[in-house]
Amino acid sequence: MKKRIIKWSILLIVSSVVLIAGIMYYLLNQPHRNVQATAPDYQMDASALVNEYLSDVALANDKYLQIEGNSKIIAVTGSIIAIAEDLNQQKVVYLKGILGKAGVSCTFTAETNIQVENLKIGDKITIKGVIRSGAEYDKDLELYEDVILEKCVILHL
Amino acid sequence: MKKIILTIGITGFLALTAAFTTPTVSKLISKTGHINFYSHTTFEDISADNYKVVSTLDTATGEIVYSVPMQGFEFKKALMQRHYNSSKFLDTKKFPKSKFKGQITNLTDLNFESDGIYTAEVTGEMTLHGVTKSLSETATITIAGNKITIETNMQLTLADYNINFKTGKPSTNIAKTIDVTTKSVYTKEG
């Protein structure tokens with residue numbers, strides 16, 4: 001009888017430790033959210049998104065930014081005004097927002113860079129990405145900052 | 001006739017006003033700067049990269065401004081990234097951007113028209129996590145053709161910016177002082 005209790009206790013302890021270790025391992029190594037495979041939280045024109053930010057940056061930040069950084073995934077539609085590359089060899093497509101003010105800057109990834117190859121200035125497209133920061137006028141930079149989307153992918157609607 | 005003179009006069013006046021109020025071309029813009037931060041402890045090395053740094057360099061006045069979208073830092077591990085963004089650490093929802101505004105103090109030692117590698121002394125104010133502190137650092141400025149590259153390598157003490165963790169894993173796994181390196185490339189016009 002006593003032996004059985006000891007046996008079961010040991011088994012219980014060992015399995016708990018394994019389970020806890022497993023959960024810890026999963027939490028510590030869980031992958032990043034796959035923005036490309038996630039449905040957008042919002043879908044809108046680039047100008048509408050920029051306008052929302054320029055009219056009330058605090059309100060827009062509250063709506064789109066998330067406290068732990070997994071912020072809203074937005075699909076924006078607009079005309080391409082420039083195509084560039086960042087210091088990590090990722091393609092950056094700039095969509096027209098409000099002329100003379102801010103637009104939407106969309107950074108692609110090593111995997112999605114290839115989608116940018118056939119794009120040209122003036123094309124109207126829809127791009128999905130995670131929002132990192134909004135548009136606003138910065139008095140020190142003396143310019144309007146764009147809405148920034150990263151992990152971008154082109155949506156074919 | 002009078003009308004024509006008046007029109008010319010007004011047009012001229014407006015043109016002059018526009019010429020003096022439009023931003024000078026000496027102000028260069030870079031929208032894809034890179035910042036890395038690196039924390040080393042015996043338990044863990046943590047590194048994060050951000051490629052969305054917006055900055056301006058005024059070659060005439062020596063003014064440099066950086067604006068950093070704080071949620072743009074990418075970590076290897078998703079959990080680290082969540083911790084970094086959370087209200088216990090950088091609170092990036094409340095403070096979505098950090099900023100540095102400074103001045104090159106040895107502008108006479110630099111020549112933006114001549115290729116070369118220069119050391120610039122930069123003094124200014126940094127705002128991070130809602131805290132503004134004065135900061136003086138050296139920057140390496142490389143001029144090659146129409147490209148100007150500014151690189152810095154500095155150390156930031158997190159407690160200076162009210163980023164504290166006294167207990168638990170973060171207090172042992174995150175360095176009190178972290179290395180921050182930046183790189184921005186500007187293109188001269190004309």
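The values are calculated or read from the model by the stated rules, or taken from the named source; none is laboratory data. Note that the structure is a prediction, hence the values are computed from the model and not measured. No Cβ is skipped: glycine too gets one built from the backbone with ideal geometry, and neighbour counts run over all protein chains shown. Heavy atoms of the whole protein, side chains included, go into the accessibility calculation; ligands, DNA and RNA do not. Shrake-Rupley method; radii C 1.70, N 1.55, O 1.52, S 1.80 Å.
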request  = Could you tell me what percent of the accessible area of region B:24-187 is made up of carbon and sulfur, with a 1.4 Å probe and every protein chain present?
outcome  = 53
task = Work out from phi, with θ = phi - 60° and the Karplus expression 6.51 cos²θ - 1.76 cosθ + 1.60, the ³J(HN,Hα) of each residue of region B:31-47, listed in order in whole Hz, and give x for Gly and Pro.
result = 9, 10, x, 10, 10, 10, 10, 9, 10, 10, 9, 5, 7, 7, 9, 10, 9
query = What is the sum of charges around A:Gln30, taking Lys and Arg as +1, Asp and Glu as -1, for the other residues whose C-beta is under 11 Å from the C-beta of A:Gln30?
reply = +3
request  = Taking a probe of 1.4 Å and counting only protein heavy atoms, give the total accessible area buried between chains B and A in Å², rounded to the nearest 100.
outcome  = 3300
Two-decimal log10 I(q)/I(0) for chain A, as the Debye equation yields it once each C-alpha is a single scatterer, q = 0.21 Å⁻¹ = -1.33
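I'd like the carbon and sulfur percentage of the solvent accessible area for region A:42-156, probe radius 1.4 Å, heavy atoms only, ligands and nucleic acids excluded.
Numbers: 2410 of 5020 Å².
Carbon and sulfur atoms account for 48 percent of the accessible area of region A:42-156.
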inquiry  = Going by amide H atoms built from the backbone, whose H comes under 5 Å of the H on B:Thr105, apart from near neighbours?
reply    = B:Glu121, B:Val122, B:Thr123
inquiry  = Loop only by DSSP, 16 or fewer other Cβ within 10 Å of the Cβ. Give me the GluC sites (Glu not before Pro) in region B:54-138 that pass, ordered by residue number.
reply    = B:Glu113
task = For region A:61-78, list whatever residues lose no less than 10 Å² of accessible surface once every protein chain is in place, relative to that chain by itself, with the probe at 1.4 Å.
result = A:Asn61, A:Asp62, A:Leu65, A:Gln66, A:Ile67, A:Glu68, A:Gly69, A:Asn70
query = How large is the charge dipole for the protein assembly as shown, taken about the Cα centre, if only the Cβ atoms of Lys, Arg (+1) and Asp, Glu (-1) carry charge, to the nearest 20 debye?
reply = 1640
note = Candidates B:Met126, B:Met70, B:Met80; GNM for chain B (alpha-carbon contacts under 10 Å) flags as most fluctuating B:Met80
ask   = Points 7 angstrom from Cα along the Cβ direction at A:Leu99 and A:Asp41: gap in nanometres?
value = 3.2
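Quick check for you: with a 1.4 Å probe and neighbouring chains kept, what is the accessible area per residue of the protein assembly as shown, in Å²? Each step should come with its number before you reach the end.
Numbers: 18970 Å² over 347 residues.
About 55 Å² of surface per residue is accessible.
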task = Round to a whole angstrom and tell me the spacing of the C-alpha centers of region B:157-189 and region B:98-119.
result = 24
task = Convert each backbone phi in region B:53-69 into a coupling constant with the Karplus relation 6.51 cos²θ - 1.76 cosθ + 1.60 (shift: θ = phi - 60°), then list the ³J(HN,Hα) values in order as whole Hz, x for Gly and Pro.
result = 7, 9, 8, 10, 10, 9, 6, 7, 9, x, 7, 10, 10, 10, 10, 10, x
key: region B:24-187 - Rg and Dmax from Cα coordinates, angstrom   = 16.6, 53
inquiry  = For region B:106-156, take the convex hull of the Cα atoms, compute a quarter of its surface area, and give me that in nm², please.
reply    = 4.1
note = About its Cα centre, region A:42-156 carries a charge dipole, from +1 on Lys and Arg Cβ atoms and -1 on Asp and Glu Cβ atoms, whose size in debye to the nearest 20 is 400
ask   = Can you list, largest first and rounded to whole Å, the semi-axes you get for the protein assembly as shown by taking the square root of 5 times each eigenvalue of its Cα gyration tensor?
value = 45, 27, 18
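Over 18 Å apart: what share of the alpha carbon pairs of region A:19-90 falls there, rounded to a whole percent?
Values: 1581 of 2556 pairs.
It works out to 62 percent of all Cα pairs.
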query = When the distances between all Cα atoms of region B:143-182 are binned every 5 Å from zero, what whole-number percent does each bin get?
reply = 6, 18, 21, 16, 11, 8, 7, 7, 5, 3, 0
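Tally Lys and Arg at +1 and Asp and Glu at -1 over the other residues with C-beta under 15 Å from the C-beta of A:Ile83: what net charge comes out?
Details: positive: A:Lys91, A:Lys96, A:Lys120, A:Lys124, B:Lys31; negative: A:Glu85, A:Asp86, A:Glu117, A:Asp123, A:Asp146.
Summing Lys/Arg as +1 and Asp/Glu as -1 gives 0.
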key: Rh (Kirkwood; distinct C-alpha pairs) - region A:39-78, Å   = 10.6
Average projected area [Cα convex hull, region B:85-173], square nanometres = 7.3
